[in-house]
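To keep things clear, I will list the structure first and then write my remarks on it.
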Amino acid sequence: MDEQTIVAPATPVGEGGVGIVRLSGSRSVELLERFFRPSRQLFPLPSHRLCHGHLVADDGTHLDEVLAVFMGRPHSYTCEDVVEVHCHGGNSVVRRILDLFIAAGARLARPGEFTLRAFLNGRIDLVQAEGVAELIRARSESARRIALGQVEGRLSSLIRSHRDQLADLLALVEACIDFPEEDLGVELSPVSEGVGELLAGIDGLISSFDQGRILREGVSVLLLGRPNVGKSSLLNAFVGEARAIVTDVAGTTRDLIEESLAIGGLPLRLVDAAGIRETEDPIELEGVRRARARAQEADLVLLILDGSQTPGDDDLLALQVCDPHRTLLVLNKSDLPPAPLPTPFAELSRVRVSAHNGQGLVALREAVVSFFGAGGEVGEAPLVSERRQLEALIRCREALGRVTVCSDSPELAALELREALDALGDVLGETTPTEILDRIFSRFCVGK
Ligand code: GDP
């Protein structure tokens, strides 16, 4: 393992009240003591105590007035000796302090290297490490809660308990192989029972991925409809600010306008597409093409009609690009007298709203949240939110599925159980190759 002492800014680049430079490794205390002039406390510095003082270069240059803390191994983020210097937040102050430590022999940390060390030193597993990156990236309350649960090890301990159960089953099967002629009273029926239970547990985790993804990344909701039905007005009413251009001239929303918001804790990306209609205008044609493509990608399409007018050919065209299972009809302009709704449209579930006076907007919000099931609520059960974890769980489930079909051959059963066990080990990072680890940690920010 790389024993070098690493250093990096732990706070983002830019101006701020405080900037933090963090060191980890066996030389971090020595490096701090070389440049730190504590105002009261004498060396050696006590662990986990913030000390006031000044940072002074070897040539006597005063760099900054700082607070420094030393966290002795193994009770630190990385399980190594860690030092943090809290200086004034500003690019040149932080830069100068970094340069000081680098010139004295520390190496600039790679992205995620502090967390990688925490992982390699066994303080956290890979699921928890991924949770750290997610927590930093979290943009909604639900995403924060899922990520924190992951950092605190709730998902890991569930996976570990499945893994222990699997290891017990494997031991039982191996006993059958090793002592076939001796009557140990070993029976394989508890194995298939155990495998069934495990399958249910792993399936539960796999199916939690969609909910996890929805809560973490949010869902995309496309506002689709011919020009002038009120898409931009609805987007504005939803978001509460005038983002999209609202005009009386048909076809002004040519580009895609996207807004992120959360309703009932559910993170949403609301997209206002170009108005769908038959057109010769090349710019608008491109917009229509993109709207079509978006309708295929969106998790939900809100097909907007002007409820005060009988739907025409352009409305039909819009309907044709929608998948009815993922479409909710929104009849806008309910402040005006309603027009009758003909058959193909009347078959869709619908909400009447008015972007002008806000009527029906609450019902529309509720309809959107209920379309996505439990909506924004993060339940007690841990959720899988990383595709990497999902893929390993699918491998585990496939191997377990093969155990049930080869129950009369304990050798084959053992082989599949071992494969399933490896897959769970992979989720936790116990068997993950270095190249994959490097790829995972390189997505982290510097200083974490
Ligand atoms: P888009 O082309 O579908 O994005 O439609 P806009 O949002 O630009 O609206 C087109 C026209 O319909 C504008 O004149 C809006 O003021 C009007 N409009 C939008 N929503 C409503 C509504 O709920 N009631 C009424 N009466 N007019 C609306």
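The values are calculated or read from the model by the stated rules, or taken from the named source; none is laboratory data. Just so you know, these numbers come straight off a predicted model, no measurement behind them. Methodologically, a virtual Cβ is constructed for each residue, glycine included, from the backbone with ideal geometry; neighbour enumeration extends over all protein chains shown. Quick note on the areas: whole protein, heavy atoms, side chains included, nothing else; ligands and nucleic acids left out. Shrake-Rupley method; radii C 1.70, N 1.55, O 1.52, S 1.80 Å.
Residue-level check: of (1) more than 19 Å from residue 295 (Cβ to Cβ); (2) open to solvent by less than 50 Å² (accessible area, probe 1.4 Å), residue 338 misses just (2).
Applying the condition of being small (Gly, Ala, Ser) and away from the ligand (no atom under 16 Å from the Cβ) to the range 197-234 and asking which residue is farthest from residue 147 (Cα to Cα) yields 200.
For residue 157, the conditions (1) modelled with pLDDT under 90; (2) open to solvent by 60 Å² or more (accessible area, probe 1.4 Å) all hold with the exception of (1). Against the definition (under 28 Å from the mean Cα position of the chain (by Cα), aromatic (Phe, Trp, Tyr) and more than 16 Å from the ligand (Cβ to nearest atom)), how does residue 238 come out, yes or no? Answer is no for this residue.
Rundown of residues vs (1) exposed (fewer than 13 other Cβ atoms within 10 Å of the Cβ); (2) under 30 Å from residue 416 (Cβ atoms), yes/no style:
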residue: 101; (1), (2): no, no
residue: 121; (1), (2): no, no
residue: 128; (1), (2): no, yes
residue: 137; (1), (2): no, no
residue: 140; (1), (2): no, no
residue: 145; (1), (2): no, no
residue: 173; (1), (2): no, yes
residue: 178; (1), (2): yes, yes
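Those helices (runs of 4 or more DSSP H) of the range 331-442 in which at least 1 residues are within 16 Å of the ligand (Cβ to nearest atom), considering only elements entirely within it, cover 361-371. Of all the criteria given as (1) open to solvent by 10 Å² or more (accessible area, probe 1.4 Å); (2) more than 11 Å from the ligand (Cβ to nearest atom); (3) modelled with pLDDT of 75 or more, the one not satisfied by residue 255 is (3).
Evaluating residue 64 against the criteria (1) under 15 Å from residue 10 (Cα atoms); (2) open to solvent by less than 20 Å² (accessible area, probe 1.4 Å) leaves one unmet condition, (1). Within the range 15-67, being acidic (Asp, Glu), in contact with a helix residue (DSSP H, G or I) (Cβ under 6 Å, 6 or more places away or on another chain) and free of Cβ contacts under 8 Å to residues at least 24 places away in the same chain holds for no residue.
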